[in-house]
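Have a look at the structure below before the remarks.
The values are calculated or read from the model by the stated rules, or taken from the named source; none is laboratory data. These numbers were taken from a predicted model, which means no experiment stands behind them. FYI the Cβ positions are ideal-geometry reconstructions off the backbone, even for glycines, and counts take in every protein chain you see. These accessible areas exclude ligands, DNA and RNA; they are computed on the full protein's heavy atoms, side chains included. Shrake-Rupley method; radii C 1.70, N 1.55, O 1.52, S 1.80 Å.
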Amino acid sequence: MPTAYLDSPLGLVTLVGSEAGLSVVSFREPEGHAPTAFAAVPACLREAHRQLRAYFGRELRAFDLSYSPAFGTDFQRQVWAALPGVGYGRTASYLDVAKALNNPKSVRAVGAANGQNPLAIVWPCHRIVGADGSLTGYAGGLPRKKWLLEFEQPTRQGGLFG
């Protein structure tokens with residue numbers, strides 16, 4: 001599957017996708033890979049690469065891409081689809097997401113689905129925090145989650161879907 005690597009303030013970001021859409025955005029840094037020059041980025045990944053660069057350049061707050069995750073249960077996909085509703089500079093709790101799905105008892109399942117999100121940053125799982133506002137798990141590591149939330153801090157507010 002076509003792959004590209006983007007240099008970011010958080011390290012190398014891996015992008016994987018196809019003509020069907022973006023499948024993976026992750027911080028897993030494969031050894032021996034360097035950032036992909038934009039001219040060498042596969043055509044199916046160019047828009048994702050451009051939008052991520054714009055995000056890190058503070059020029060973009062919401063992504064507009066086609067997605068094609070390679071896995072996910074129906075419930076996980078519902079959780080992931082809700083994540084972009086937590087706008088730039090905002091946070092929401094796992095309970096907020098569960099309530100948005102009309103399933104307030106699914107808090108733990110929401111947390112588990114959030115942890116399996118294949119599209120870091122673009123499906124902003126970093127904006128999901130504990131009920132008390134504390135930083136909780138993040139597949140990219142809590143230091144990256146903290147950085148992303150602070151990066152969005154100039155406009156950060158609480159509340160879901162704002």
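See the values below:
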item: Lone unmet requirement of (1) in a loop (DSSP other than H, G, I, E, B); (2) within 28 Å of VAL110 (Cα to Cα); (3) of a type in the set (S, T, N, Q) for THR36; result: (2)
item: Tabulated pairs, segment 98-118, first free of Cβ contacts under 8 Å to residues at least 12 places away in the same chain, second open to solvent by 70 Å² or more (accessible area, probe 1.4 Å), C-beta under 9 angstrom, 6+ apart or interchain; result: ASN103/GLN78
item: Every pair of residues 6+ apart whose Cβ atoms lie under 8 Å, when the first sits in segment 130-143 and is farther than 9 Å from GLY115 by Cβ and in contact (Cβ under 8 Å) with a residue 12 or more places away in the chain while the second is open to solvent by 40 Å² or more (accessible area, probe 1.4 Å) and not in a loop (DSSP other than H, G, I, E, B); result: ALA131/LEU95; GLY133/GLY158; LEU135/LEU142; LEU135/LYS146
item: Qualifying residue in segment 82-97 (condition: open to solvent by 70 Å² or more (accessible area, probe 1.4 Å) and either closer than 25 Å to GLY21 by Cβ or in contact (Cβ under 8 Å) with a residue 60 or more places away in the chain (or both)); result: no
item: Output for segment 108-133, where each listed residue is under 11 Å from the mean Cα position of the chain (by Cα) and assigned to a strand (DSSP E or B); result: LEU119, ILE128
